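First up is the structure itself, then whatever we jot down about it.
Derivation of every value follows stated rules applied to the coordinates shown; laboratory data play no part. Keep in mind that this is a model prediction, so the values were computed, not measured. In this analysis, Cβ positions are derived from the backbone assuming ideal geometry, glycine residues included, and neighbour counts consider all displayed protein chains.
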Amino acid sequence: MDGQTIVAPVVISPRPAPQHIARPAPVVGPPLGMLAELTHRCPLQCGYCSNPINLLKANREVDTAGWLSILEQAADLGILQIHLSGGEPTLRSDLEQFVALLARKGVYTNLITAGTVLTRDRLFALRDMGLDHLQLSIQSVRADLSDKIGNIKGGLAKKLALAGWVKESGLPLTLNAPVHRHNIMDTGAVIDLALELGADRVEIANVQYYGWAAVNKAALMPEWAQVLEQKAVVEEARERLKGILNIDFVTPDYYAKYPKPCMGGWATDVLNVTPEGKVLPCHAAESLTGINFENATQTPLADIWYKSESFNRYRGYDWMTDLCNSCDRVDNCFGGCRCQAMALTGAAENADPACIKSPHHHLMAEITGGYAGEQAPPFVYRRITAQN
Ligand code: SF4
Ligand code: SF4
């Protein structure tokens, strides 16, 4: 040797593959909340509607006695809060019976409405029967854009009138604003409107791409610069309006680093009942193939919640890939959204591709990148209305 120091070659070992961690089985308690989709009929035809594309016609909806039984079972199961939703739930002439039953059973009721058909008299009657809260959706703060998004004439004026009656009635009011590339620039104006109307809460709800929203993804997907601007507007308003207005906001999945804890984890806290009585762990779960979701008109709700194969399939950790099972964030996000994992990766067991650790994460960037700078195509409006 000629005096040189011999340096051992550096071996860069590949990152160790994640190991499956044995974890205890989940302890299943009663659900806390339920979304009762009373109907899929609606006077509006929003292009971002998350209702399924094969919308249910009125003649297949659960009848009055059927819904009364489901709601009573829900109360007996220990559910604390029921969101009466749709479609447009006020198209059901039996809504009063549902509110009265739930009030008797001590369940908190929230009516989720687009606000174009509910009259002042009916609102006050619902309040007197025990309705606890009303959530009003708005398509835009601008009348012409509101009409275009919902494919309806004069929608905004009716919504503003309803908001005034809600305040007059003494009911708490939440304003829900589904946001996409056509209205994202008005996020600050939505917050101002919520203040002006005396709302207690405003939800800046970035559109989720299920149902009709998936059909209209190219028309709806915002650009990255718009999302950054929106985030700054919301952060400033949250600081300024602390203690005055609650602002709910989550960065849209397509631009986030990690997925949201979809529904707080599959079948953990909430359930969803469709207009025909199918019971789902989330409103989009019917997009998953190979799962048989049971019907509350045929199987007791408690059996579906505690014992059904569909509700137990993605509870706990055993179903996860090792990537999620061994991840230190698993109890924050529970692997994200099963529907998004299936839609983009072909397997519901995979990590939600919204996660930067997912080997499929590039699919999210490809989708958003594909729309940047493009002229948005026209909406494909949902085809079910108030009549059918
Ligand atoms: S069409 Fe619009 S208002 Fe009607 S249920 Fe769908 S999103 Fe809601
Ligand atoms: S790897 Fe899985 S558990 Fe971890 S953050 Fe990503 S999606 Fe969530």
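Odds and ends about this structure:
- Test item: Cα-centred dipole of the chain, Lys/Arg +1 and Asp/Glu -1 on Cβ, debye: 460 debye
- Each label was represented as a point 7 Å from its Cα along the Cα-to-Cβ direction; for Val250 and Ile21 these points are 2.3 nm apart.
- Within the listed set Asn292, Asn183, Asn350, the residue fluctuating most in the Gaussian network model of the chain (springs between alpha-carbon atoms under 10 angstrom) is Asn292.
- Extending 7 Å from Cα along the Cβ direction at Lys357 and again at Glu239 yields two label points whose distance is 3.2 nm.
- Between 0 and 90°, nearest 10: helix 224-240 axis offset from the chain longest Cα axis: 60 degrees
- Nearest-ten-degree value, helix 155-169 long axis tilted from longest Cα axis of the chain: 70 degrees
- Region 12-108: C-alpha gyration tensor shape, a/c 1.5 cut-off, then a/b vs b/c: oblate
- When the square roots of the Cα gyration tensor eigenvalues are ordered a ≥ b ≥ c, the ratio a/c for region 236-388 is under 1.5, which makes its shape rounded.
- Ascending count of other beta-carbon atoms within 10 Å, so fewest first, for Ser326, Ser137: Ser326, Ser137
- Rounded, prolate or oblate (a/c below 1.5 giving rounded, otherwise prolate when a/b exceeds b/c) for region 126-183 by Cα gyration tensor: prolate
- Mean-square fluctuations from a GNM of the chain, with a 10 angstrom spring cutoff on Cα atoms, peak among Glu168, Glu96, Glu203 at Glu168.
- Comparing Pro353, Pro378, Pro31 in a Gaussian network model of the chain (Cα springs below 10 Å), the most mobile by mean-square fluctuation is Pro378.
- Inter-probe distance in nm under a simple model that places probes 7 Å from Cα toward Cβ, at Asp76 and Ile367: 4.1 nm
- The packing ranking of peptides 339-348, 243-252, highest mean first, is 339-348, 243-252, where packing means the average number of other beta carbon atoms within 10 angstrom of each residue.
- Alpha-carbon centroid distance for the pair region 324-345 / region 355-383, whole angstrom: 19 Å
- Antiparallel content of DSSP bridges confined to the chain, in %, to 5: 10 percent
- Over the Cα atoms of the chain, the radius of gyration divided by the Kirkwood radius equals 1.03; this is the Rg/Rh ratio.
- Against the chain, whose longest principal axis is taken from its Cα atoms, helix 362-371 shows a tilt of about 50°.
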